[in-house]
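The values are calculated or read from the model by the stated rules, or taken from the named source; none is laboratory data. All of these numbers come straight from a predicted model, not from anything done at the bench. Every residue, glycine as well, gets a Cβ built from its backbone with ideal geometry; the counts of neighbours run over all protein chains shown.
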Amino acid sequence: MDWSSVIANPLLANLPFKIELNEWGKIEMSPASNAHGMLQTAIAFLLKDQLASGKAFVECSIQTAKNVKVADVVWCSTAFLKQYGTMTPYPAAPDIVVEVASPSNRLAELMEKKALYFEQGAQEVWLCDDNGTMQFYRLNELLAHSVLCPDFPDQVAF
């Protein structure tokens, strides 16, 4: 199965969880809690407020070496948007990619996604735990704060 088939399938249109494709083209589903959605929204709003140019949004599909992954939140620079627009999925990772941990996520899964996003050109990958605590990475190095958005808090309220 490919990503355009997933998007076009009416049976998959209104599911209450996130869908991704693994490296074998099989659908993987992750249930999302309301707290997860609140954290996604809070992060996207903070990015929008702090980075005047570009766009922040949720549920961004990105083609990776292990098929399509759907990042919880991204920020795309104007240059990225000029190059890729609304292409679905993006063939490259946006500038900032954020994964918000769900109870079903394992640390190894989040670390693998982080590596996949860096392979696709992300400048920073952020991880947010289920309490809103942020970790910022650049080229697989843990940072004290984001380089691209230095005033972003290390704790997000939701």
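A few notes on this one:
- Output for region 34-67, where each listed residue is closer than 16 Å to Tyr84 by Cα and touching a residue at least 60 places away in the same chain (Cβ under 8 Å): Gln63
- Scanning region 133-149 for residues that are farther than 18 Å from Leu51 by Cβ and out of contact with any Cys (no Cβ under 9 Å at 6 or more places or on another chain), we see that the one that is surrounded by the most Cβ atoms within 10 Å (Cβ to Cβ) is Thr133.
- Candidate set: region 96-108, residues that are surrounded by 17 or more Cβ atoms within 10 Å (Cβ to Cβ) and out of contact with any strand residue (DSSP E or B) (no Cβ under 6 Å at 6 or more places or on another chain); chosen: the one farthest from Leu139 (Cα to Cα): Asn105
- Exactly one residue out of Ser53, Ser77 is in contact with a Ser or Thr (Cβ under 6 Å, 6 or more places away or on another chain) and either closer than 21 Å to Phe118 by Cα or surrounded by fewer than 19 Cβ atoms within 10 Å (Cβ to Cβ) (or both): that is Ser53.
- Output for region 93-128, where each listed residue is small (Gly, Ala, Ser), in contact with an Asp or Glu (Cβ under 9 Å, 6 or more places away or on another chain) and either assigned to a strand (DSSP E or B) or at pLDDT below 95 (or both): Ala101, Ser102
- Residues of region 80-92 satisfying the condition of being in a helix (DSSP H, G or I) and not aliphatic (A, V, I, L, M): Phe80, Lys82, Gln83, Tyr84
- Qualifying residue in region 121-130 (condition: within 22 Å of Asn22 (Cα to Cα), surrounded by fewer than 19 Cβ atoms within 10 Å (Cβ to Cβ), touching a residue at least 40 places away in the same chain (Cβ under 8 Å) and not aliphatic (A, V, I, L, M)): no
- Residue within region 59-72 that is buried (at least 20 other Cβ atoms within 10 Å of the Cβ) and closer than 16 Å to Met134 by Cα present: yes
- Yes/no for Glu141 being more than 21 Å from Glu23 (Cβ to Cβ) and in contact with a Ser or Thr (Cβ under 9 Å, 6 or more places away or on another chain): no
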